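Engineer: Can you read through this structure? Questions will come right after.
The values are calculated or read from the model by the stated rules, or taken from the named source; none is laboratory data. Just so it is clear, the model here is predicted, and its values are computed rather than measured. Here the Cβ positions follow ideal geometry from the backbone for every residue, glycine too, while neighbour counts run over all protein chains shown.
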Amino acid sequence: MKQEDTSFLTKYGKDPGFKVPENYFADFNKRMVDMLPDVEITPVDVKPTMWQRVRPLVYLAAMFAGVWCMLTVLKNVNNTDPYAVGAVAEKLTDDKSNVDEFIMSGSVSDYDIINYEDSVVMSNEEEVIEQND
Amino acid sequence: MAAREKYDEAVVVAQLHDPNQCKAAFGKVIEHYSSQLYWQIRRMVIDHDDANDVLQNTFLKAWTSIDNFRGDAKLSTWLYKIAINESITFVNKKKVMNQLSIDDDESFLVNQLESDEWFDGDEAQINLQKAIATLPDKQRLVFNMRYYDEMKYDEMSEILGTSEGALKASYHHAVKKIEQYLSEKG
């Protein structure tokens, strides 16, 4: 809303300067009800929708769920054992299965690969020469 | 002073269709909506006495056709629609009475502002009302609902039966026109 309004409108504000007599709305409401003519109303059984019926229960359940979540989080925060955290960290750092192969492969450069391929070709050639001899 | 009963729309709508409770329920509707409908109407018709008459007609029309209201739409949307139709009909009648064409500038409505005892705005506010009065009816409605009532576009869309995109464009055009009018008037 604020982004839409151009600056020139801020000079004028949101009060159009209209006023009403004192107690106008209270008097109007009373006068209006007295003025209503008799009308024929067909009785209709307006049944509340399923959502309207279950809404209070849903809100109540959501409130309890929220409180339960909050208590669980608070409980976990309070029960955190610093020694247990240290042990888990130690286990993780020792566990070789946690070494990411992708990261490891990143440390092999193109130069290493070419050298490796050259050494394989060289050793194959040596084997062929030995067989010929 | 008696404590005011809390307004529950679902309960009131159900009571409106009960012949034994409908009048009392409509009294609650009047009490709940009279102020917001009044200001919407007042910004369209400008004059307090005219706004009072249009508001009365709005509630009378709603009351006499209450049997047709089945609660498919929100009660507020239904009442706003009646109020807006009544306001536009009134403005057009007033133009005819003043022998102006429907497309004529509507600033005749605000020319009487300075002499209205229920207006205490300054010159800037009069100029703004004159600028708003130059807008076509629909743009004027959109501007009033958005600028003064800060109504959401989806609510306006339900009341006016226009897409949100069209309403945003309408508001943008209205602001530009008002800006131009005011800059021309200095």
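Engineer: Is it true that B:L160 is touching a residue at least 60 places away in the same chain (Cβ under 8 Å) and farther than 23 Å from A:D15 by Cβ? Step through it out loud before you land on a result.
Structural biologist: Working: touching a residue at least 60 places away in the same chain (Cβ under 8 Å): yes; farther than 23 Å from A:D15 by Cβ: yes.
Answer is yes for this residue.
Engineer: Now for a separate question. For region B:1-40, enumerate the residues that are buried (at least 18 other Cβ atoms within 10 Å of the Cβ), at the interface with chain A (Cβ under 7 Å from one of its Cβ atoms) and either on the phi > 0 side of the Ramachandran plot or among the polar types (S, T, N, Q) (or both).
Structural biologist: Answer for region B:1-40, where residues must be buried (at least 18 other Cβ atoms within 10 Å of the Cβ), at the interface with chain A (Cβ under 7 Å from one of its Cβ atoms) and either on the phi > 0 side of the Ramachandran plot or among the polar types (S, T, N, Q) (or both): just B:S34.
Engineer: Right, next: Go through region B:67-79 and count every residue that is facing chain A (nearest Cβ under 7 Å) and outside any loop (DSSP other than H, G, I, E, B).
Structural biologist: 1
Engineer: How many of the residues making up region B:13-37 are within 14 Å of A:P43 (Cβ to Cβ) and of a type in the set (V, I, T)?
Structural biologist: The number of residues fulfilling the criteria is 1.
Engineer: In this structure, is B:I84 more than 30 Å from A:P56 (Cβ to Cβ), surrounded by 20 or more Cβ atoms within 10 Å (Cβ to Cβ), modelled with pLDDT under 90 and outside the structural domain of B:E158 (by TED's automatic domain parsing)?
Structural biologist: Numbers: more than 30 Å from A:P56 (Cβ to Cβ): yes; surrounded by 20 or more Cβ atoms within 10 Å (Cβ to Cβ): yes; modelled with pLDDT under 90: no; outside the structural domain of B:E158 (by TED's automatic domain parsing): yes.
No: the conditions fail for B:I84.
Engineer: For region B:105-121, indicate whether the set of residues that are within 17 Å of the chain's Cα centre (by Cα), assigned to a helix (DSSP H, G or I), modelled with pLDDT under 85 and more than 30 Å from B:A25 (Cα to Cα) is non-empty.
Structural biologist: The initial filter retains those residues of region B:105-121 that are within 17 Å of the chain's Cα centre (by Cα), namely B:106, B:109-110.
Within this subset, residues satisfying the condition of being assigned to a helix (DSSP H, G or I) are B:109-110.
Narrowing the set further to residues that are modelled with pLDDT under 85 leaves B:109-110.
Filter once more, so that each one left must be more than 30 Å from B:A25 (Cα to Cα): B:109-110.
Yes, region B:105-121 has at least one match.
Engineer: Let me ask something additional. When B:N20 is evaluated against the numbered criteria (1) in contact (Cβ under 8 Å) with a residue 60 or more places away in the chain; (2) not in a helix (DSSP H, G or I), which criterion, by number, is the only one it fails?
Structural biologist: All conditions are met except number (1).
Engineer: Within region B:41-56, can you find the residues that are more than 11 Å from chain A (Cβ to nearest Cβ) and either in contact with an Asp or Glu (Cβ under 7 Å, 6 or more places away or on another chain) or more than 20 Å from B:R146 (Cα to Cα) (or both)?
Structural biologist: Across region B:41-56, the qualifying residues are B:D50, B:D53, B:V54.
Engineer: Taking region B:139-163, which residues are more than 14 Å from chain A (Cβ to nearest Cβ) and either in a loop (DSSP other than H, G, I, E, B) or among the charged types (D, E, K, R) (or both)?
Structural biologist: B:E158, B:G161, B:T162, B:S163
Engineer: Can you tell me which residue is nearest to the chain's Cα centre (by Cα) among those in region A:17-34 that are more than 7 Å from chain B (Cβ to nearest Cβ) and within 16 Å of B:V29 (Cβ to Cβ)?
Structural biologist: A:A26
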